[in-house]
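Structure first, then comments.
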Amino acid sequence: MHLKTTGGTNPRPRLAATTLVLAVVIVAGCGGSRESASQTAARVNKDDITVHQINFVLQQQRGVQPGQAEVVGRQILERLIDQQLALQKADDLKLDRDPKVVQQLESARRDVLARAYLEKISEGVPRPTPQEIHRYYEDEPALFRERRVYSLQELVIEASPEQAGELKARLNRDPSLPNFVEHLKQVGLRYTGSQVVRGAEQLPLANVKAFARMQPGSLLTQTVPAGLQVIAIVDARDQPVDEKSAGPAIEQFILNDRKRSIVEDNLKAMRAQASIEYVGKFAKDAPAAAAPASAPAPAPAASADALDASAIGKGLGIK
């Protein structure tokens, strides 16, 4: 999840204010009756939907302003009413005893508890200092001071590893994208194409510096699960971001990176201490000391592959 911040302000007071406004709006709508004291927002047959339930859903929303509390709150309430009606019918049909449903409920429980633990161990991670934010800004000019916005044409081709190698060789001989597309049609390879606009911060971090060196007309190829991806730079224009504007996104990125590091180190230590035995077909070729799979980040953490594009691109016309 990307935590969107603007102007270096803390979003928590705004969220708290939104929640408070929503509670006041709904309680006021109940006319000050006895139900308002119990925080009941609606009654569906014999089941109550409370303001607390609405606030919980509201807290999962991003970008909700205090002035939108009434509208958003009532939309959430309507969705909760629909959900409660479906839940009542599910209870009538005793669907909670269906083996598939039981398995899904247990999977959700495991996921919630595991993520709660990961969030717990990542609490208290120190926020980056102004010096660290400044250093990151200076170390990544392609993301900030020399930031560019790219118009790109992308092709994703379904191809075997051997075919992907042949296609790369052909592009080296003839880098014309129209000719390449015509070749794909002739040999019968399936592909999908798209044209997009992306800022540097919306690219995988591993590719940012490579794109900064490329000029319009350049091609980039990379292996993807489907086969091969070809990216052509149609246009590139400079749109630098100053340090003050980039600061909130940099701070959140560094903080998320620290949380992820703590989670990965913790899982690695637990694996080293645990007794893990692979059984049956999974025992074959099992690693002697399996490294933890990509650890699920705590819920508030953002992806490590890119900075928060909305935070950096705000006010620059990037959608």
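Brief remarks follow.
- Where a label projected 7 Å from the Cα of Arg79 along Cα→Cβ would reach, residues of the range 86-119 with amide N under 13 Å: none
- Placing unit charges on the Cβ atoms only, positive for Lys and Arg and negative for Asp and Glu, gives the range 148-238 a dipole magnitude near 160 debye about its Cα centre.
- Net length gained if the chain between Gln153 and Glu166 were fully extended (0.36 nm per residue, minus Cα distance): 2.6 nm
- Summed residue charge, Cβ within 10 Å of Ala226's Cβ, Lys/Arg positive, Asp/Glu negative: 0
- The trypsin sites (Lys or Arg not before Pro) found in the range 177-234 that occupy coil by DSSP, while having at most 11 further C-beta atoms within 10 Å, are Arg190.
- Distance between the 7 Å Cα→Cβ label points at Asp257 and Leu87: 4.2 nm.
- Potential extension, Ser176-Thr129 segment - 0.36 nm per residue separation minus Cα distance: 12.2 nm
- Spin-label model distance (nm) - Ala114 vs Lys185, 7 Å beyond Cα toward Cβ: 4.7
- For the range 89-183, with +1 on Lys and Arg beta carbons and -1 on Asp and Glu, the positive-most of Tyr136, Gly165, Pro175 along the dipole: Tyr136
- Highest to lowest packing among 269-280, 72-83, 98-109, scored as the average C-beta count within 10 Å: 72-83, 98-109, 269-280
- Potential lengthening between Asp96 and Ala283 on full extension [0.36 nm per residue; Cα-Cα distance subtracted]: 63.9 nm
- Normalising the average separation of contacting C-alpha pairs (under 8 angstrom, six or more residues apart) by the number of residues puts the relative contact order of the range 148-238 at 52 percent.
Laboratory data are not the source of any read-out in this text; all were calculated from the coordinates shown. This is a predicted model, so every value here is computed, not measured. With ideal geometry, Cβ positions are generated from the backbone for all residues, glycine too; neighbour counts draw on all protein chains shown.
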